[in-house]
Amino acid sequence: MMNFYGIFTISSLALFFVISCVKTHENAECAILKTNPEQLAKCLQRHWSGRISDNPRVQNFLKKYKIYVSYTTSPKRLDDSLFVLLGAQPFLDHVEAVFLAIPSKFGRTGASYSLESPVYAFPKVERVPLIKDFGPISKMLPVVKMLHERGVKDGIVITLDDDIGYAPDLLARVVETAILKGGAASSQVNCLSAYGSLNKIWPTLGECEGSQSTDIVEGWGAVAYRLNIFSDALIQELEANSAASKECYLSDDVVISYSLAKRGIPRWHALSELSVIPFAEGETGSDALHNGANGLSEVGGLGGNSLKYNQCINFLRQYK
């Protein structure tokens, strides 16, 4: 993959990459290599065991079913999203396809997506053209719907954010958790207790604190979904609810988790000592997919998510 490294200059990586971990993990020091993409990719890969899991149940599952990767991005970050794939490459060697779900034009700005990006030449990448921009939920919903229509009964779709460095073994643990426990799994835990009144209007309340369950599956932590949880009704509900209001359009994590919770579908967080490493101009930047032109997301603070999450769920409970 050496032919891809040339598109990343030292200046662009210095701008795009910084460590921002929820807690100290084994690979936290990888962020100091942000100006050297080859070494950074090797750092993220250094714990790779060479396989998804040693668990016989997981191995038997993967003999029968496949893993698919799905993500979306904006025109400005299309080329740089290749770094996400480079760091995760040993894991990607074990998946069936890497689906890139993007429309012809970015909904927020009307900007066109390049048809000549080096991302398209990365192994297993397949562009999934969208008839419209579904917003942040484009990272998951169009591919799940496509596979459902193709008659794929089970397997794993794991979604990646376009601005996160993922250790391959971290992604393997997320997949392993979804296979063993069912439902959906993320590398991060997000309990409703962090969102004030949100915990009073959630359809079901689990024992999130102190357990392996999570109330909201966090997209930036990578989320693995068992494909057998998706019915026609669930897919239709996700599509409708993500467009139900401007707050819901920007809150894919809570729209997805709300619909799963309504149906009693479990949400888990994978147990791993590896971290995710966000880009500097990604999750906290003006071009993040969850940002709206009206400033709804208030990036960088819990208050932004708390505000739009509550507004979205109140809307869904009243009208849906």
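The values are calculated or read from the model by the stated rules, or taken from the named source; none is laboratory data. Here the structure is a predicted model, which is why all the values come from computation and not from measurement. Heads up, the Cβs are rebuilt from the backbone with ideal geometry, glycines too, and the neighbour counts pull from every protein chain shown.
The C-beta contact set for segment 233-247 (first residue on the phi > 0 side of the Ramachandran plot, second residue of a type in the set (S, T, N, Q) and exposed (fewer than 15 other Cβ atoms within 10 Å of the Cβ), distance under 7 angstrom, 6+ apart or interchain) is empty.
Can you find a residue that is in contact with a Pro (Cβ under 6 Å, 6 or more places away or on another chain) and either in a loop (DSSP other than H, G, I, E, B) or within 27 Å of Gly87 (Cα to Cα) (or both) anywhere in segment 225-243?
Step one: list which residues in segment 225-243 are in contact with a Pro (Cβ under 6 Å, 6 or more places away or on another chain), which gives none.
Within segment 225-243, none of the residues are in contact with a Pro (Cβ under 6 Å, 6 or more places away or on another chain) and either in a loop (DSSP other than H, G, I, E, B) or within 27 Å of Gly87 (Cα to Cα) (or both).
Would it be correct to say that Ser306 is polar (S, T, N, Q), closer than 19 Å to Val174 by Cβ and modelled with pLDDT under 90?
Details: polar (S, T, N, Q): yes; closer than 19 Å to Val174 by Cβ: no; modelled with pLDDT under 90: yes.
Against the criterion (polar (S, T, N, Q), closer than 19 Å to Val174 by Cβ and modelled with pLDDT under 90), Ser306 does not qualify.
Checking segment 149-169 against the condition returns no match, with no residue being out of contact with any Leu (no Cβ under 6 Å at 6 or more places or on another chain), at pLDDT 95 or above, surrounded by 23 or more Cβ atoms within 10 Å (Cβ to Cβ) and farther than 21 Å from Trp268 by Cβ.
Could you tell me how many of the residues in segment 117-130 are over 18 Å from Asp252 (Cβ atoms) and outside any helix (DSSP H, G or I)? Here the count works out to 8. If you go through segment 112-130 and keep only what is farther than 19 Å from Asp93 by Cβ and either in contact (Cβ under 8 Å) with a residue 12 or more places away in the chain or surrounded by 14 or more Cβ atoms within 10 Å (Cβ to Cβ) (or both), you end up with Ser112, Tyr113, Ser114, Ser117, Arg127, Val128, Pro129, Leu130. Restricting to segment 52-111, name every residue that is surrounded by fewer than 22 Cβ atoms within 10 Å (Cβ to Cβ), among the charged types (D, E, K, R), modelled with pLDDT under 95 and not in a helix (DSSP H, G or I). Residues satisfying the conditions are Asp79, Lys105, Arg108. One residue is enough: does segment 221-237 have a residue meeting the conditions farther than 28 Å from Tyr166 by Cα, modelled with pLDDT of 90 or more, touching a helix residue (DSSP H, G or I) at 6+ places or on another chain (Cβ under 7 Å) and not aromatic (Phe, Trp, Tyr)? For segment 221-237, residues farther than 28 Å from Tyr166 by Cα, modelled with pLDDT of 90 or more, touching a helix residue (DSSP H, G or I) at 6+ places or on another chain (Cβ under 7 Å) and not aromatic (Phe, Trp, Tyr): present. So for segment 187-202 (the condition being modelled with pLDDT of 95 or more, assigned to a helix (DSSP H, G or I) and loosely packed, with under 15 Cβ neighbours inside 10 Å), does at least one residue qualify? No, segment 187-202 contains no residue that is modelled with pLDDT of 95 or more, assigned to a helix (DSSP H, G or I) and loosely packed, with under 15 Cβ neighbours inside 10 Å. Selection of segment 29-84 for residues being within 21 Å of the chain's Cα centre (by Cα) and aromatic (Phe, Trp, Tyr) yields Trp48, Tyr65, Tyr68, Tyr71, Phe83.
Here Val143 meets each of (1) part of a helix (DSSP H, G or I); (2) touching a residue at least 12 places away in the same chain (Cβ under 8 Å); (3) over 18 Å from the mean Cα position of the chain (by Cα) with one exception, condition (3).
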